[in-house]
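Trainee: Dropping a structure here in structure tokens format, bear with me for questions.
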Amino acid sequence: MTETAHPRTAPLRARAEIDLAALRANVRALRAHAPTAAVMAVVKSDAYGHGAVPCARAAREAGATWLGTATPEEALALRAAGLPGRVMCWLWTPGGPWAEAVEADIDVSVSGMWALREAVAAAEAVGARARVQLKADTGLGRAGCQPADWAELVAEALAAEARGLITVTGLWSHFACADEPGHPSIQAQLTLFREMVSYAEAQGVRPEVRHIANSPATLTLPESHFDLVRTGIAVYGISPSPELGTSADFGLRPVMTLSASLALVKHVPAGHGVSYGHHYVTPGETTLGLVPVGYADGVPRHASGTGPVLVGGKWRTVAGRVAMDQFVVDLGGDEPQPGARAVLFGPGDEGEPTAEDWARAAGTIAYEIVTRIGTRVPRVYVKVKEQQDG
């Protein structure tokens, strides 16, 4: 991936500009929302499409003391890039790289007995303690140990700790509906989490961190902050739920701006079909602009006919279907030059759409819009150094 201090030094088919100053400011804002807890910056899925290593470094610079990933491979890649400090990963399958994670001093999540036993075996094999966090299923119904099985998992973890094979560094869980204000599951999960933590601690577990808060809980549920908050989408300046508030409401700024250079501008007559299936037919004589990105680049096909794009200071709409590599906008007779900038989404400062606007257009969430932007789109890092911020 390209790293530069200026976003427009070379004409590119498309680019995703990543504002690292905004990311650092977002982390500082999140720290202010949870002043009594440490902050984990979640950089899974290549930092939600923004680039894991540059974003992890920027988050560390802004005071995030933990990094989080889903897969162990993502965590190991951070270590390979030279990132120090606490790193946690939580999505394990049997036969995963447990030994490599133990050697790299990565905190590994355990939801059941098979995972604990594989972590213990890895610790024995490499001759080092595994850093293990026990995950409780308090109601999400994905990973995590059910309350009925918690006593057995805690007992075996304490036995392994007594043998010098693991250190239980954390107790944690995950909300199902923290992005839905007032949902009854929120307090039910908090209550159960406190009970499961209390049980484990009564048995002798001494965790470094207890954590359940994701981005929406970090922003709206201070009683859920405990010792650590896990902030994912909010790090990248996107509100975890429009119902909770906009990015600006929480003092956050979107980090990614996705743009492309128009590949063609041409005149067409009235009644001209546009793109596959002719789902759009020009209502009158007009000009069409060809935007050279498509669903292979992560532009959602579900936004065919609805996706907004800023060209020449005006909002345009995807005309017809989004294809694999390109889509068309009706320019209404305007004649920008080929190479003119088409902005799909950004912070909104210059009137451009936001990732949330694209989410509405595609019937999805803004998380998916940024995360799906593919590897054919280079990430161009702007405001890389702190002295360039502002």
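Trainee: If you scan segment 65-108, which residues turn out to be in contact (Cβ under 8 Å) with a residue 60 or more places away in the chain and touching a Ser or Thr at 6+ places or on another chain (Cβ under 8 Å)?
Mentor: Across segment 65-108, the qualifying residues are MET88, ASP107.
Trainee: Please verify whether segment 230-242 includes one or more residues that are open to solvent by 10 Å² or more (accessible area, probe 1.4 Å) and over 18 Å from the mean Cα position of the chain (by Cα).
Mentor: No, segment 230-242 contains no residue that is open to solvent by 10 Å² or more (accessible area, probe 1.4 Å) and over 18 Å from the mean Cα position of the chain (by Cα).
Trainee: Listed residues ALA340, ALA319, ALA323; which is at pLDDT 95 or above and buried (at least 20 other Cβ atoms within 10 Å of the Cβ)?
Mentor: When all the criteria are applied, what remains is ALA319.
Trainee: Restricting attention to segment 135-156, does a residue exist that is more than 25 Å from GLN189 (Cα to Cα) and outside any strand (DSSP E or B)?
Mentor: The first filter runs over segment 135-156 and keeps only residues more than 25 Å from GLN189 (Cα to Cα), leaving none.
Within segment 135-156, not a single residue is more than 25 Å from GLN189 (Cα to Cα) and outside any strand (DSSP E or B).
Trainee: State all residues of segment 109-128 that are buried (at least 18 other Cβ atoms within 10 Å of the Cβ) and among the charged types (D, E, K, R); if no residue qualifies, say none.
Mentor: GLU118
Trainee: Follow-up question, since we're still on this one. When the residues of segment 180-200 are narrowed to those that are surrounded by 14 or more Cβ atoms within 10 Å (Cβ to Cβ) and small (Gly, Ala, Ser), which ends up farthest from SER239 (Cα to Cα)?
Mentor: Top of the filtered list is ALA200.
Trainee: While we're on this one: Can you confirm whether segment 227-245 contains a residue that is assigned to a helix (DSSP H, G or I), modelled with pLDDT of 95 or more and farther than 20 Å from THR371 by Cβ?
Mentor: no
Trainee: Is one or more of the residues making up segment 177-192 outside any helix (DSSP H, G or I), acidic (Asp, Glu) and within 20 Å of VAL102 (Cα to Cα)?
Mentor: No: zero hits.
Trainee: Scanning for something of a type in the set (A, V, I, L, M) and within 24 Å of the chain's Cα centre (by Cα), does segment 268-290 turn up at least one residue?
Mentor: As a first pass, look at segment 268-290 and keep what is of a type in the set (A, V, I, L, M): 268, 270, 274, 281, 288, 290.
Checking the rest, the ones that are also within 24 Å of the chain's Cα centre (by Cα) come to none.
No: zero hits.
Trainee: Which of the following residues is modelled with pLDDT of 95 or more, out of contact with any helix residue (DSSP H, G or I) (no Cβ under 8 Å at 6 or more places or on another chain) and of a type in the set (Val, Ile, Thr): THR2, THR65, THR9, THR71? Step through it out loud before you land on a result.
Mentor: Numbers: THR2 fails: modelled with pLDDT of 95 or more; THR9 fails: modelled with pLDDT of 95 or more; THR71 fails: out of contact with any helix residue (DSSP H, G or I) (no Cβ under 8 Å at 6 or more places or on another chain).
Answer to the selection: THR65.
Trainee: A follow-up question, please. Out of (1) open to solvent by less than 40 Å² (accessible area, probe 1.4 Å); (2) farther than 27 Å from ARG24 by Cβ; (3) of a type outside the set (Phe, Trp, Tyr), the odd one out for CYS89 is which?
Mentor: (2)
Trainee: I'm told GLY204 meets every condition in (1) at negative phi; (2) touching a helix residue (DSSP H, G or I) at 6+ places or on another chain (Cβ under 9 Å); (3) not β-branched (Val, Ile, Thr) except one. Can you identify the failing condition by its number?
Mentor: (1)
Trainee: Of a type in the set (Val, Ile, Thr) and open to solvent by 10 Å² or more (accessible area, probe 1.4 Å): does that describe VAL281?
Mentor: Judged against the criteria, VAL281 is a match.
Trainee: Now for a different question. Could you grab the pairs with beta carbons closer than 6 Å, sequence gap of 6+ or different chains, first residue in segment 126-155 and free of Cβ contacts under 8 Å to residues at least 24 places away in the same chain, second one part of a loop (DSSP other than H, G, I, E, B) and surrounded by 15 or more Cβ atoms within 10 Å (Cβ to Cβ)?
Mentor: Listed pairs, sorted by first residue: GLN146/ASP137.
Trainee: In segment 344-382, which residue that is in a strand (DSSP E or B) and either in contact with a helix residue (DSSP H, G or I) (Cβ under 9 Å, 6 or more places away or on another chain) or open to solvent by 10 Å² or more (accessible area, probe 1.4 Å) (or both) is nearest to PRO242 (Cα to Cα)?
Mentor: Ranking the candidates gives PHE345 first.
Trainee: Are there strands (runs of 3 or more DSSP E) fully within segment 266-327 with at least 3 residues that are more than 19 Å from ALA16 (Cα to Cα)? List them.
Mentor: Where strands (runs of 3 or more DSSP E) fall fully within segment 266-327 and carry at least 3 residues being more than 19 Å from ALA16 (Cα to Cα), they are 286-291, 314-319.
The values are calculated or read from the model by the stated rules, or taken from the named source; none is laboratory data. Owing to the predicted nature of the structure, the values given are computational and were not obtained by experimental measurement. In this analysis, Cβ positions are derived from the backbone assuming ideal geometry, glycine residues included, and neighbour counts consider all displayed protein chains. Ligands, DNA and RNA are stripped out before the accessible areas are found, and what is left, the full protein with its side chains, is counted by its heavy atoms. Shrake-Rupley method; radii C 1.70, N 1.55, O 1.52, S 1.80 Å.
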